[in-house]
Structures are given as structure tokens and as C-alpha cells.
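What follows is a single structure, written as C-alpha cells, with notes after it.
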Amino acid sequence: MRTHRTPRRTAALALGIAVLAFLTSAPAGADDADLPTVTPAAETPALHDDEAGGNADADDPAIWRNTADPGRSLVIATAKEGGLRVYDLGARLVQSLPAPRPPAEDDAPGRYNNVDLVTGLRTPTGRTDVAVVSDRGNDRLRIYRIDASKPASPLTDITDPAAAPVFSTGQTEINEQRTAYGLATWQDTATGRTYALVSQRERTRLALVELTPTASGTVTYRKVRTLDLPASFRLPDGTTWSPCAEPGELPQVEGMVVDPADGTLYAGQEDIGIWRIRADLTGKPELVDKVREFGVPGVYDEETEECAAGADPGFGGDHLSADVEGLALYQEKDGDGYLLASSQGDDTFALYDREVGEDNEYEGGFRVGAASATLDGSQECDGAAVLNAPLGSRYPKGLLVVQDGHETPEVPDGEGGTRTATGFKFVDLADVVDAADL
């Protein structure tokens, strides 16, 4: 997840720029220019990460399908300190829910990072659809009931007030912000249990968390087990490599998605690549694809808070430029489909075969470009969601929603600069299918 306020992101960006400059003339990046471009049909109002904008910063979307009236389906999206936003299919704001205020003046405020959905969660009053959100600021999960009968305020917070932090032991640790970060939901068809897979910020740890409805109508959770992905790697030349970062930080995971057909979790370790793991976090993780920068040495400079990249030894992949970000699953009725990944470093999207038996083979990619001078494409994309199902007359073949990390046209800040602006782009899935020849 690329921001402009942390040393790690500054370091990663500097490393990425240096490596991408090298790749401009390298064969590994040559295919990017040939990728097809699709354009958005709509965009949400810009969010501004400043005091006037409520420190709202677009991050991750999810698409909820209203089965009774698909044309009135919703897009639910995180805005970090700005909380949660709900949009209709016209990308118009329906509801805005604030993130929790800090417990005390010096504590971290709520900060909503990722969101995913659960369909038909069992509760004492019947089944209900819910949105599950990772609250990075408080190291907790937040659960919202989705109620189509309330078109002006469809989401209601039903989180158990007693729900404990996911990774931290207390507020002091929470304030250090090595907290709940990436998130994906999973319903185990064998047991009927419902889970969230949660990653830890600035660590390689993943946690399997079971969601449990209470008798009072709220939802709580308990941590079942954890798994740590590698932080360093043995390269073919015999050397050991870790991606350059601020001292003490490890290569984190954010983008995640679970294939419901076989319980496979795909996890994007931002500076490494995409992992394939059993969703119950047992078994051995397998690296599906690596970022181009994999194996590139870097030296962190304390004064500049940047990384100086060395020569590329050529051990990286061909299709992803760090950070690898939002992962989404394009499902087809016959069981086929594709894993979609945001290649944030070069503003492209990569597609992989959904079938594990085909070793998730790379199948191509695309860009989301500008439709007009006022409807731009997607740059530095953090999160993505795709739904291959009819959504009324507006999107009869389905919808792709992607985060735009650099919203244009830029808005002046009144001091000679511009305001940091982000948002979400809505792309007709039929256009993606045609352009990428799916």
C-alpha cells in the first residue's frame, strides 16, 4: 500500500523507481507496452488525505450484490482514517461511516485498511450478509451488517465491543501500529465455519481468525493460528536477500483473496510476490510469481529515508512491479477463472489462471487508462474487486472496481501545491473480458 507519509513507503518507492529505470531497457518489462487498455465508466468523488478532507484516503473495495435487485448493488470501500464509504453502481456516495476515535488523545485513531464480504453469516436471528474490515489503527476487525431494506444507510456496525486486538497485547503495542492490515474472508464448506485471514503490518505474519456471532446479535472473533512467511530468501547465486526497508520492518502482506472452490489463499507480499497457501494456514506456502525487483540489493540511508538500489541480478519475475497489491478473483460458472493482481509499480494488472493444477499460469494483463480529461485511469492501485455476475442494466456482464492512488485533475491546496487525492474507478467487466481476451 503506497502512501506518502512513512519512511518505508518512501524507501520502497525510491527503490522501485531506480529498478524501473533499469527495466525500461530490459526485456522483462518490454511486454508492458503491449498490454491492452480499458477505461472506467465512472469514478467515485475524490477523497482527500488532509484535515479538510477528514484524512480520507481510498484503499480497498468490495462489491456486494443485491440478489433481489442487482441494479441496486453496492460498492463498500475503505478510506483509512476517513472510515468506510458505500457507493451505488453510479459511483455516487450512499453512506459514510467514521472510523473510531482514539481511546485517548495520544493514541492512534481508527484506520480502515481492507474490506471483504461474507454472504449468509449465521446469526441467532438468521443469516445475514456482512462486510468485514481491518481496523489498522485499533488492531481489530469491524463487522457491518448489510441491509438492503435501508437504502440510505445499508450498513450497521455489529462488532462485539469486547472484541480483542488481533495481534497486540495492549494499547502501547497498538500505538506502534504493527496491527491488522490486509484481510480476506473465507467460509469453510466442510465445517460451515466463517473466517478472516488477516496480515500484520510491517511483519510477515498471517492470522486465521474465526468470526463468531454472539447471542446479543453482535459478532466477535478468535484467533485460531498464525503463519509467518519468509523475510529473507536464498538466491540462485548462493547469496541471501531481503528487500530494502526501514530498519526493523519486514516485508508485509496486504492484498489477499481466498478461492472458495478449494480453500486456497493467495497473499501478496508487497516487495516479494504472490503466495499460494491453504486458507487454514496449514501446509507449505508456494510462491506463484515474484516481483521484478526480487533479489535487487538495496542500502537504506537514514538521512534521506530512501533506499539506493544496486544492480539487478536477474532473479525477479516478468509480470509484477513492486508493490504487488490488491488481489481479486474472477470466477466463471464452470469453475475456470483468473486471479487478478495489481502491479502497483507500473500501473498494470496481471491475470493468472485460477487453477492450481495449471500452477496459476500467467495469462496476460491490462491497464486502466483515462476515459477523458476528467475521468482518469488508475495509478498506484492499492485494492481491487471483481464480480462476474449481472448487476442490472448498468453492468449486465459484471464489474471491476480498482483504487486510484493518484486522482486527477489535481485540486489546489491554497498554498501553491495540490491536495493528495484518491478514489475508486468502476470498469465494465465486459470491457476487461474483451480487451484481455478472457
Scope the range 394-438; condition of a type in the set (D, E, K, R) and either more than 18 Å from G365 (Cβ to Cβ) or not in a loop (DSSP other than H, G, I, E, B) (or both); matching residues: R394, K397, D404, E407, E410, D413, E415, R419, K425, D428, D431, D434
Are any residues in the range 292-318 on the phi < 0 side of the Ramachandran plot, open to solvent by 50 Å² or more (accessible area, probe 1.4 Å) and not acidic (D, E), and if so, which ones? P297, V299, T304, A308, A311, P313
Evaluate the following for E380: is it crowded, with 17+ Cβ neighbours inside 10 Å and either modelled with pLDDT under 95 or in a helix (DSSP H, G or I) (or both)? no
Of residues in the range 187-202 being at pLDDT 95 or above and not polar (S, T, N, Q), the one most open to solvent (accessible area, probe 1.4 Å): R193
For R72, indicate whether it is open to solvent by 50 Å² or more (accessible area, probe 1.4 Å), in contact with a Gly (Cβ under 9 Å, 6 or more places away or on another chain) and free of Cβ contacts under 8 Å to residues at least 24 places away in the same chain. no
Test set (1) assigned to a loop (DSSP other than H, G, I, E, B); (2) farther than 20 Å from S343 by Cβ; (3) among the small types (G, A, S) - A245 fails condition number: (2)
Total residues in the range 286-311, condition touching a residue at least 60 places away in the same chain (Cβ under 8 Å) and not in a loop (DSSP other than H, G, I, E, B): 8
Hey, among L97, L84, which residue is crowded, with 21+ Cβ neighbours inside 10 Å, at pLDDT 95 or above and either β-branched (V, I, T) or touching a Leu at 6+ places or on another chain (Cβ under 7 Å) (or both)? L84
In contact (Cβ under 8 Å) with a residue 24 or more places away in the chain and farther than 27 Å from L183 by Cα, is that true of L375? yes
Would you mind telling me which numbered condition in (1) open to solvent by less than 60 Å² (accessible area, probe 1.4 Å); (2) in a strand (DSSP E or B) G283 fails? (2)
Would you point out which residue out of E270, E249, E254 is within 22 Å of D323 (Cα to Cα), out of contact with any strand residue (DSSP E or B) (no Cβ under 7 Å at 6 or more places or on another chain) and either modelled with pLDDT of 95 or more or open to solvent by 20 Å² or more (accessible area, probe 1.4 Å) (or both)? E249
Find the residue count for the range 57-69, including only residues that are crowded, with 23+ Cβ neighbours inside 10 Å and more than 18 Å from the chain's Cα centre (by Cα). 0
Confirm whether A322 is buried (at least 23 other Cβ atoms within 10 Å of the Cβ) and either under 20 Å from the mean Cα position of the chain (by Cα) or among the hydrophobic types (A, V, I, L, M, F, W, C) (or both). yes
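The values are calculated or read from the model by the stated rules, or taken from the named source; none is laboratory data. Treat the numbers as computed from the prediction; the structure is a model and nothing was measured. Positions of Cβ are backbone-derived with ideal geometry, glycine not excepted, and every protein chain shown enters the neighbour counts. Keep in mind that these areas ignore ligands, DNA and RNA; they rest on the heavy atoms of the full protein, side chains included. Shrake-Rupley method; radii C 1.70, N 1.55, O 1.52, S 1.80 Å.
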